[in-house]
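> Below: one structure in C-alpha cells.
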Amino acid sequence: MIGNLMIDSKYIEKSWPETIQLWHGHPTLAAKNIMTPDQCNSESLVFVSTQAQLELALTKNPAFVISHQSLNLPKTSVTIFKTSNIPLAMSLIFPFFDQKMIRFSQEQNVHPSACVHPSAILASDVTIGPFASIGAQVTIGANTIIGASCVIENEVCIGDNSLIHPQVFIGARSMIGHHCEIHPHTVIGSDGFGYVKDKNKKNLKIPQLGRVIIGDSVEIGANVAIDRATLTETVIKSGTKIDNLCHIAHNCIIDEDGLIAAGFLVAGSTQIGKRFMTGGNSVVTDHVAISDDVTLAGRSTVTNDIKLPGAYGGYPLLPIREHLKVLASYVHISEIRKKVALILKKLNLTNGE
Amino acid sequence: MIGNLMIDSKYIEKSWPETIQLWHGHPTLAAKNIMTPDQCNSESLVFVSTQAQLELALTKNPAFVISHQSLNLPKTSVTIFKTSNIPLAMSLIFPFFDQKMIRFSQEQNVHPSACVHPSAILASDVTIGPFASIGAQVTIGANTIIGASCVIENEVCIGDNSLIHPQVFIGARSMIGHHCEIHPHTVIGSDGFGYVKDKNKKNLKIPQLGRVIIGDSVEIGANVAIDRATLTETVIKSGTKIDNLCHIAHNCIIDEDGLIAAGFLVAGSTQIGKRFMTGGNSVVTDHVAISDDVTLAGRSTVTNDIKLPGAYGGYPLLPIREHLKVLASYVHISEIRKKVALILKKLNLTNGE
Amino acid sequence: MIGNLMIDSKYIEKSWPETIQLWHGHPTLAAKNIMTPDQCNSESLVFVSTQAQLELALTKNPAFVISHQSLNLPKTSVTIFKTSNIPLAMSLIFPFFDQKMIRFSQEQNVHPSACVHPSAILASDVTIGPFASIGAQVTIGANTIIGASCVIENEVCIGDNSLIHPQVFIGARSMIGHHCEIHPHTVIGSDGFGYVKDKNKKNLKIPQLGRVIIGDSVEIGANVAIDRATLTETVIKSGTKIDNLCHIAHNCIIDEDGLIAAGFLVAGSTQIGKRFMTGGNSVVTDHVAISDDVTLAGRSTVTNDIKLPGAYGGYPLLPIREHLKVLASYVHISEIRKKVALILKKLNLTNGE
C-alpha cells in the first residue's frame, strides 16, 4: 500500500478527551490500519459496538480497540479505549488513514498535461491532475486538488482545501467554497430545464444565464447534476452533504447542513431549509418551500410547502406517524374492498347506490 | 465578466412586434445584463410578471422593463415594454446574453491537445476542445462545438450548430442532428441491457449491434444515458427536450417535441408519441406504446399502452382526475379500515366471513 | 462500416447443434449483417419469432433466417435454421457482428497521449485509449481495453479480457475481474455516504477507507455509482449485470448472477443473494438481507429482510400476487370510501364513532 499510515495510542489519548478515553493498556502502541473485528490483525485499530464484536476482536490480539463505553470491558493485554459515540470517534480517527490525497500519484503540482488558461490564478499548493482543463479567469484556493480530466470553465472560483475528484464538470462562473469535496462525474452548472411552447407547440429554450453557488464544507457524490439558475443563483449552502445520482434544478436553494441520500430529485425554484434530511429517492416538486429541520422518509414525494419542522413520508406527504399508519392499512385494501361488498349485500344496498 | 453582452431597446421594438411592444419610454437605451427585480441595476433589463415585481423594479431605475401587459403600467422615466407572454419574451431575448459559446476559452478552433482521427471530417468553424477524442470517419457539421474531454467514437455523424458540452460520450455510429445541445456526462450509445439465461441460470449477453439517432433541436441534460438498439435504432426525434439523469433503453422511439423532466426511465422497445410531457421521475415499462399528446404527472408509472391523448398519473396509471381522487382518498385508508371493522361488528359479521 | 463482419451458415450448423439446427437450404452461404425482418437485405441474417416476421423476411430474400422451431417453416430458396430459444441463439451469433473492440481506432496499444504511471503493470495486448490516466501500481490483465479519458487510480487491479469503456472512473484499490464490461461515466469507488452529527448538528464525515471488489463477467451500465466500503469491501459478485443509473452504497454485497434494471438504488450494508432480479427503479434500504432467488417488480421498495425466494412487489413489499391484488383494489379506494360513508349513514353510525 502506498503511503505510511499510522496512529499511536498516546496521540488518541491526548487529542479528544471528551470523546475517547483510555480504559486500560499501553498508551504507546501504534496501529497501522483500521479493520473490522473479523478481519483485524496485530497492527489494527478496531472499533467495536457490541460485546460479540469486542470478544471477537480480542481473539485477534489487535494493536488497540476503541469500544463503546457501555460494553463490559476486560483488562487484558490489549489496549482498550472507550467512547460514548462510536461514529464520532470514527470521524476523528479515520482521517489519519485516509489516502485520498494520494489516490493518484503525480510528481508536479500541476501535471504537465493539464491545460490551464494563462489567466487562471492558482494559490499555493494547488494540485491539477492530468488532462484537466482550467478556463480563463478561474481562481483556485490553497491546497485544493483538481483531479484528472476535470473541466473547470471560465470564471469559476474554488476555495481552499477542496477536493474535486477526477472527471468533475464545473460550469462557467460557478463558485465552490472551502473544504468541499465533489465526486467523479458530477456536473455543477448544467443548464436549467426551461422552455416555453410556441404557437406550434414547439419547445423554445429559455437560455439559462445564472450560476451555481456552493458554500463551505459541502460534499457532493458521484453523478450528481446541479443546474445553473435562469438568472440568479442555484445555491447549496455550507455543510450540506448530497449523495450520488441526485438532481438539483435551477434556482433551488438548499440551506445549511442538509443530508440528502441518493436519488433525490428537486424541481426548479424550490427552497429547502436548514438541516434537511431525506432517505433515498425522494422527490420535491417545483416552487415549494420546506421549513428548517424537516426529515423525509425514503421515496417521499413533496408537492406542497412544508411549514412545520418534523418527520414526514409518503405520497401524498403525511406526518411520519400517519404515513406509517396509512402504509399499514394499505396492504389490506383488497380485503377491505371485499368486506364492503359483503356489507352492502347484507344490507341489500345494490353496490352502494 | 468575459464577453460584451448588450441589447438595445430599439432592436427589441423592431424584432418581435407580435410578442413585445414598446409601452412608454426611450427606445434607444441599451441593457448590459438581465436581472431579477430585486437584484437589478441601472444597466439591467428586467422581466416582471406581477405588480409587486414591477414596483420593486422601478425603484431600481433599470435600463428597461419588459412587463406582462396585464399589469397597471405607469409612464415614468423607465422605458417599459409589454408582452402577453413573459416566457416567450425571455426565450427571444435571453440568447443575447448567453455566454455559452465562450464558456471555455481557446484560441484555435481545434485545440492542439485534441486527438482527431485523420479520417474525421470537420466542417467550417467546428470547435474541438482540449483532450477531446474524435474517432475514425466521424463527420461534424458547421459551427458545431465539441467540448473538452468529449469522446466521439468511430462513424458518428453530428449536424450543424450543435453544442456538445464537455465530457459527453457519443458511441460509435450514433447520429446527432442540427441545433442539438447535450450536457456533460451524458452517454449516447451505451449498450442496451439485453441478456438471456443459460440452462445454469447464468446471464449471457446479447451484444447490442444497433445505434442511436437523435433529430434536430434536441436538448439532452446532464448524466443521461441513451442505449443503442439491439439491431436497429433507438430514436429521439426532433424538438424533444430531456432533463438530467434520464434513462432511455434500447430500441425506444420518442417522437417529436417531447418535454421530459429529470429522473425519467423508460425500458426497452417502448414507443412514445409526439408532444409527450412528464413530471419528474416517471417510469415507463418495456414494449408499450404511448399515443401523441400524453402528459404524465410526476412519479407516474406506465405499464400498459396509452391509447388516448390526455393527462394521466399514478400507479396503476389513471386519468389525472381519477388519480387525484384516488390520492385524496388514499390518505384516509386507515380510518376507512377502522370504520369497516366497526360496521362488521355492529352487523355481527365476524371479520367479514 | 469499419471492419469485416461475416458468418457462414456452415459454421452455424456445426457450432451449436444443441441450440441451432439447419432446417432447409444451402449451408455454405455467408451473411454480412444481422437485420430485422423489415429492414433485411440479401446479405442479412434474420431472426424471426412469429409467422408474420418469417413471411416478411422471406419476401426480402435474405442470406438466411434463424426461426423459432414452432413456426410453420417452408422449404424455399432461403436457407432456414431453427431454434427452440431465439434469445439464446442471438447471444451466440451476435458476437460475430460486434464491432465494440474497434469503436475507437488507434494504431498503438497504448495511445501516446495516455498518462501511465511507470509502476503500472500492463499485461500483453492491453489497449489504453487517448487521455487515459493510469495510476501507480495499477495492474491490468491481458487483452483488457481501457477507453479514452478513463481515470484508473493507484493500486487498481483489473483482470483479463475486460472492456472499460471511455470516461469510466475506477477509484484507488478497486479490483475488477476478468471478462467485465463497464460503460461510460460509471464511477467505481466513490466515497460511501457516511456522516455523524456533532453536538451542533453539523455533519462530520466518516472517511471511507475501504474499496470495491467486482467479480468476473460483471457488466455495469452507464452513469452508475458504486461506493467504496467504510473499512472493508463493497462487493459485486461474478455474473451480475447492472443497468444504467444505479447506485450501490458502501458495504453492500450483491451475490452472483444478478440482473438489475436501471435506476436501482440500494443503501448501505445491505446483502443481496444470488440470481437477484429487479425491474426498473426499485429501492432497497440499508442493512437488510435478501435471500437467493428473489425477483422484484419494477418500483418495488424493500425495507425489511426478504427471507424466502420468490417474486415480490410494491411498497410495503408484498408477495407478487398480493401486490397485484392490492394494486387492483387501490384504484377503487375513492368509491370504497364513499360506500363506507353510505353504509354508516344507513346504519345511523355518525361517521364511524
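> Working only within the range B:335-344, note down all residues that are crowded, with 19+ Cβ neighbours inside 10 Å and closer than 15 Å to residue C:333 by Cβ.
Of everything in the range B:335-344, those that are crowded, with 19+ Cβ neighbours inside 10 Å and closer than 15 Å to residue C:333 by Cβ turn out to be B:336, B:337, B:339, B:340.
> Scan the range C:169-206 residue by residue and report those that are open to solvent by 10 Å² or more (accessible area, probe 1.4 Å), without any contact (Cβ under 8 Å) to a residue 24 or more places away in the chain and of a type outside the set (D, E, K, R).
Hits for the range C:169-206 are C:195, C:196, C:200, C:203, C:204.
> So, one more: So which of A:306, A:320 ends up being over 20 Å from residue B:280 (Cβ atoms), of a type in the set (A, V, I, L, M, F, W, C) and out of contact with any helix residue (DSSP H, G or I) (no Cβ under 7 Å at 6 or more places or on another chain)?
A:320
> Identify the residue in the range C:280-311 that is touching a Phe, Trp or Tyr at 6+ places or on another chain (Cβ under 6 Å) and closer than 25 Å to residue C:230 by Cα and, among all such residues, is surrounded by the most Cβ atoms within 10 Å (Cβ to Cβ).
Ranking the candidates gives C:282 first.
> Restricting to the range A:259-273, name every residue that is more than 9 Å from every other protein chain (Cβ to nearest Cβ) and open to solvent by 20 Å² or more (accessible area, probe 1.4 Å).
Passing the criteria: A:269, A:271.
> Somewhere in the range B:37-47, is a residue acidic (Asp, Glu), out of contact with any His (no Cβ under 9 Å at 6 or more places or on another chain) and modelled with pLDDT under 95?
Yes, there is a match, as at least one residue in the range B:37-47 is acidic (Asp, Glu), out of contact with any His (no Cβ under 9 Å at 6 or more places or on another chain) and modelled with pLDDT under 95.
> Just name the residue that is surrounded by the fewest Cβ atoms within 10 Å (Cβ to Cβ) out of those in the range C:103-129 that are within 14 Å of chain B (Cβ to nearest Cβ) and within 26 Å of the chain's Cα centre (by Cα). Walk me through it before giving the result.
The initial filter retains those residues of the range C:103-129 that are within 14 Å of chain B (Cβ to nearest Cβ), namely C:103-108, C:110-115, C:127-129.
Filter again for within 26 Å of the chain's Cα centre (by Cα), leaving C:103-105, C:127-129.
Numbers: C:103: 25, C:104: 27, C:105: 16, C:127: 22, C:128: 29, C:129: 24.
Filtering first and then ranking leaves C:105.
Yes or no, residue by residue, for (1) in contact (Cβ under 8 Å) with a residue 12 or more places away in the chain; (2) in contact with a helix residue (DSSP H, G or I) (Cβ under 7 Å, 6 or more places away or on another chain); (3) under 21 Å from residue C:17 (Cα atoms):
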position	(1), (2), (3)
C:38	yes, yes, no
C:43	yes, no, no
C:46	yes, yes, yes
C:58	yes, no, no
C:65	yes, yes, yes
C:71	yes, yes, yes
C:80	yes, no, yes
C:89	yes, no, yes
C:99	yes, no, no
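> Next up: Out of all the residues in the range B:330-349, is one or more in contact with a Ser or Thr (Cβ under 8 Å, 6 or more places away or on another chain), within 13 Å of chain C (Cβ to nearest Cβ), in a loop (DSSP other than H, G, I, E, B) and not small (Gly, Ala, Ser)?
no
> Out of B:205, B:199, which single residue is at pLDDT 95 or above and of a type outside the set (A, V, I, L, M)?
Numbers: B:199 fails: at pLDDT 95 or above.
Within the list B:205, B:199, the selection yields B:205.
The values are calculated or read from the model by the stated rules, or taken from the named source; none is laboratory data. None of these values were measured; they are calculated from a predicted model. Positions of Cβ are backbone-derived with ideal geometry, glycine not excepted, and every protein chain shown enters the neighbour counts. Calculation scope for accessible area: heavy atoms of the full protein, side chains included, ligands and nucleic acids excluded. Shrake-Rupley method; radii C 1.70, N 1.55, O 1.52, S 1.80 Å.
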